[in-house]
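Laboratory data are not the source of any read-out in this text; all were calculated from the coordinates shown. Everything numeric in this text was worked out from a predicted model, so none of it was measured. Counting neighbours? That spans all protein chains shown, and the Cβs are built from the backbone with ideal geometry, glycine included.
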Amino acid sequence: MKIIGKALKILGCLLLALILIIAVALGVFTVAEYRPADTETVIADHETEAVLETGKALTIVSWNCGYGALGDNADFFMDGGSSVYTADRDRVSSNLTGISEKLSALSPDIIILQEVDINSSRSYGTDERNEFRKTLPEGASEAFAYNFNALYVPYPLPPIGHVESGLYTLSRIQARTAERISLPVPFSWPVRLVNLKRCLLVSRYPVKGSDKELVLINLHLEAYDSGEGKEAQTRQLVSLMQAEYEKGNYVIAGGDFNQRFTNIDQSAYPVYDGMWQPGEIDAEAFGEGFTLLMDNTTPSCRSLDRPWAGETAENFQFYLIDGFIVSDNVIPDAVETLDFNFTCSDHNPVRMTFTLR
């Protein structure tokens, strides 16, 4: 009996120590939680020469670059794979170089990027903006907003660790202002403490010969929620775009929606049982003043349940979740998903040529 009593006492002490460790960790994570304001200035309002012109074609490229670690070798535990760290330091470097070289060759006027790490364990502390700055001439306008800022993500095993990552907009045209606008967070305490705090990165460019602006929204909406997060974030996006359109501004939203558009035929990309399910955006929710655009001839995203290298398209899970939404005073001359075979990222970039009406 004494042995049993002693064992129970030791077990009780260990359990108490574990509870104390968890309590302290939760306290630290609560104090350190990223709590952005509803709206934060990224580029302060300043005098900017208006160079955008109506009737002149421009190009924009959107690309979720997978924080430089989701190339064709990668699988990821949240998608049904097994990996947490999906690339070594050299592979992160080669992915970033590959993305940067492709963007430079495309030579767009505007680039909007998602999942850009600036100091994360998963990408070895690399400030990836330094690589992407090379894609446009020196002096290009740039804006960054956190979509994920966590002191330490303690799960799974091995843990994800420290994360600083977000949205990055680069353009040959100087933005007059840029703001980070917080989106609804679908997660409650304590999961919220180390999860994404998503946002819209809104850049404003004056239009020559008018008092109007091009309002450009870079976004990466919720992925791993039960659906209500995507819906709430989409409602806020609709509200913002409609408000700007009513002012007479030109409005473009682009990025990784993690959702399908109801006006786009998705039959080429059926979602198989057991795979991650994208949400759905009802095109009618935006009203008659907007057009939702995706190129359904090429998938914009692949599943990370297993590596893509060495696989064939048959029975592999692809998605169409990246694209653009434009107001009807923006003419979309062409929208194309560029097939780079997911070599450097689990997403393909989407390019749009557009003209301001």
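Data table
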| read-out | value |
| --- | --- |
| Selection from Ile252, Leu103, His46, by position along the positive dipole direction of segment 39-356 (Cβ) | His46 |
| Label of the coordinate-derived value, Rg and Dmax of the Cα atoms in Å, listed as (1) 21.9, 91; (2) 21.9, 86; (3) 19.2, 60 | (1) |
| Peptide ranges 117-130, 315-328, 276-289 listed from the most packed, as the mean C-beta count within 10 angstrom indicates | 315-328, 117-130, 276-289 |
| Size of charge dipole - the chain - debye, nearest 20, with Cβ of Lys, Arg +1 and Asp, Glu -1, no other charges | 1360 debye |
| Cα centroid separation, segment 187-228 to segment 260-330 (Å) | 19 Å |
| GNM top mover of Pro307, Pro137, Pro299 - the chain, alpha-carbon springs below 10 Å | Pro137 |
| Degrees between helix 89-106 axis and first principal axis of the chain (Cα, 0 to 90, nearest 10) | 10 degrees |
| Förster radius 25 Å - calculated FRET efficiency between Asp333 and Leu106, Cβ distance, rounded to 0.05 | 0.95 |
| Listed peptides 204-217, 65-78, 45-58 by packing density, highest first (mean Cβ within 10 Å) | 65-78, 204-217, 45-58 |
| 222 nm mean residue ellipticity, helices alone, for the chain (DSSP H n ≥ 4; -39,500 (n - 2.57); rounded to 500) | -7000 deg cm²/dmol |
